[in-house]
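Computed from the coordinates by the stated procedures, all read-outs in this text should not be read as laboratory data. Just so you know, these numbers come straight off a predicted model, no measurement behind them. For neighbour counting, all protein chains shown are included, and Cβ atoms are generated from backbone atoms with ideal geometry for every residue, glycine included.
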Amino acid sequence: MSVRLHVNVDHVATVRNARGTRYPDPLFAAHVCEAAGADGITAHLREDRRHITDDDIVRLRASVTSHLNLECAATEEMLEIAARVVPDTITLVPERRQERTTEGGLDVAGQRTMVGRFVEAAGRIGARVSLFIAPDEETVRLSKDLGAKQIELHTGEYCHACEPGKTAQRDRELERLARAADLASTIGLEVAAGHGLTRHNVGPVVAIGAIAEVNIGHSIIADAIFLGLAKAVEEMRAAIDRRRG
Ligand code: PXP
């Protein structure tokens, strides 16, 4: 079965916010991505609003017709926004203000109370909760216990190891991803993956049969500078389908 491609449009907003203009608009980007074959749109509402804003999320909810995945931290503020916007999926991610991007998996054990509240609220409004976690078997089990419907495996360590001379490390990271994905699938969790994926390193990840979805942002927006956004999405789709068409 093919792997769903959700395109993260955060960095369209990064470019817009660099100049305080109204363009480029992540909403327009979302339409282009959907028309080019994306199965869903992802946007991360950060605590410091460095890219996506509250208004972007409201507008995306009103116009995304495929699947809207809202990434956010497990906080009271985000719970209130998620309950108002009602995305299709709420992906809980760790967040530290100083980090350049989301640098690790969610501390599910440490945040179990808020995670539980998100799962409960999501159930009431008809959204599902996905937890962005490191490929760690104990965290996979805990995610299931807390009622998450999906986990998204953090592929950052694998992507860092996709450099010359790091083949053994890359293979170990792939093995960790495969083991966590298989366990999750066995206990009834849907499995997504993301972070740092490019057209060049996505193949071995989507070759893991339990992975049903990937969330990819930075490399697609970077490719769009040279290829145009529609073509960048199509090229990513093709790279995925070469391994799991
Ligand atoms: N998935 C999650 C949960 C993320 O937080 C991010 C980064 O915002 C991504 C996927 C996309 O990562 P990238 O921009 O490196 O493709």
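General remarks:
- Relative contact order, percent, the chain [alpha-carbon distance under 8 Å, six or more residues apart]: 21
- log10 of Debye I(q)/I(0), alpha-carbon scatterers only, for the range 1-157 at 0.09, 0.14, 0.20 Å⁻¹: -0.27, -0.68, -1.36
- Under DSSP loop assignment and at most 16 Cβ neighbours within 10 Å, longest trypsin sites (Lys or Arg not before Pro)-free interval of the chain: 167-245
- Relative contact order computed over the range 128-177 (Cα-Cα under 8 Å; 6+ residues apart), in percent: 36
- Among the GluC sites (Glu not before Pro) found in the range 102-163, those both in a DSSP coil and sparsely packed, with 16 or fewer other Cβ atoms within 10 Å of their Cβ, are Glu103.
- Close amide H pairs (under 5 Å, H built 1.01 Å from N) link Glu152 with Leu131, Phe132, Ile133, Ala192, residues at least 5 positions away or on another chain.
- Among Ile133, Ile57, Ile125, residue whose mean-square fluctuation peaks in a GNM of the chain (springs only between Cα atoms under 10 Å): Ile125
- Equivalent ellipsoid semi-axes, the range 112-234, via Cα gyration tensor eigenvalues times 5, rooted, Å: 27, 19, 11
- For the range 154-245, relative contact order (Cα pairs under 8 Å, six or more residues apart, normalised by length) works out to 27 percent.
- 12 Å beta-carbon shell around Ala230, net charge (K/R +1, D/E -1): -2
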